1. For L124, L16, L130, which order do you get if you count the other beta carbons within 10 Å of each Cβ and list the fewest first?
2. Using the 10 angstrom Cβ neighbour count as an exposure proxy, how do M178, M50 rank, fewest first?
3. Which of the following values of percent of Cα pairs over 28 Å apart was calculated from the structure shown: (1) 26; (2) 17; (3) 47?
4. By a straight-distance test (C-alpha under 12 Å), which aspartates and glutamates pair with K105 as possible cross-link partners, with residues fewer than eight away in the same chain excluded?
5. Going by how many other beta carbons lie within 10 Å of each one, how would you line up L39, L184, fewest first?
6. Calculate how steeply helix 169-178 sits against the longest principal axis of the alpha-carbon atoms of the chain, using the helix alpha-carbon long axis, and give the answer as 0 to 90 degrees to the nearest 10.
7. Once the Cα atoms of helix 53-72 and of the chain are each reduced to a long axis, what angle between those two axes, in degrees from 0 to 90 to the nearest 10, is obtained?
8. Relative to the longest principal axis of the C-alpha atoms of the chain, give the angle of the C-alpha long axis of helix 21-30, reported between 0 and 90° and rounded to the nearest 10°.
Amino acid sequence: MTIATATPTTDQCIVLPGRTWKQFKLIQEGLDDSPGVRLFYFNGTIEILMPGRDHEVFKSIIALLLGIYFEENGIEFEPTGSMTQEREGTASAQADESYCIGISKPVPDLSIEVVFTSGGSNKLQRYQALGVPEVWFWQDGVFTLYRLRETGYEQINHSEIPELAAIDFQQLTRCVLMGETSRLEAMREFRRGIQGR
């Protein structure tokens with residue numbers, strides 16, 4: 001099955017409630033030849049996301065800037081991108097970007113989602129089922145960060161991943177927005193900010 005986006009600049013999202021894990025796996029198999037399509041499953045609901053151009057631009061800008069942060073601070077990392085994270089029969093997710101900090105791990109330390117189609121916080125339940133320690137959402141020009149606690153996710157003001165705790169989110173946000181018009185200038189500005197600390 002191949003899915004094409006009707007409007008290339010905006011996300012297309014299909015939500016299928018009342019579905020089984022087996023149905024999800026059949027859809028997943030059918031979409032193997034559709035690069036860029038992201039699939040999610042939790043609590044009997046399948047979500048099929050076909051990211052638009054704006055979505056992909058923002059997620060790529062965020063990845064570029066984080067790459068600069070890692071390099072400037074000498075932080076080893078493994079970029080796991082939108083790899084499929086699954087807990088058999090329970091949850092499946094494909095973040096826009098995900099990272100293991102330091103060494104490779106079965107579950108990424110950080111997942112990032114760019115949200116255009118629906119609220120981000122309701123997606124936290126599937127990440128909780130997967131055990132992702134920290135999740136960042138980019139929505140309406142703002143980062144919202146969550147840290148997994150024993151009782152679920154709690155909103156936080158800065159990253160609690162030790163290597164990322166010093167990120168200035170005001171500067172990061174400003175540079176992501178700047179990247180809409182000039183990726184090069186956004187990267188230069190972000191690097192200047194890190195070096196000026």
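1. Working: L124 18, L16 14, L130 21.
The most exposed by this proxy come first: L16, L124, L130.
2. Details: M178 18, M50 21.
Going from least to most buried by this count: M178, M50.
3. Checking each listed value against the structure points to (1).
4. Leaving aside aspartates and glutamates fewer than 8 places away in the same chain, those within reach of K105 are E78.
5. On the way: L39 18, L184 9.
Ascending Cβ contact count within 10 Å gives the list L184, L39.
6. For 169-178 against the chain, the angle is about 80 degrees.
7. On a 0 to 90 degree scale, this one is about 50.
8. It is inclined by approximately 70 degrees.
No value in this document is a laboratory result; all are computed from the given coordinates. Just so it is clear, the structure is predicted and the values come from calculations on it, not from any experiment. Heads up, the Cβs are rebuilt from the backbone with ideal geometry, glycines too, and the neighbour counts pull from every protein chain shown.
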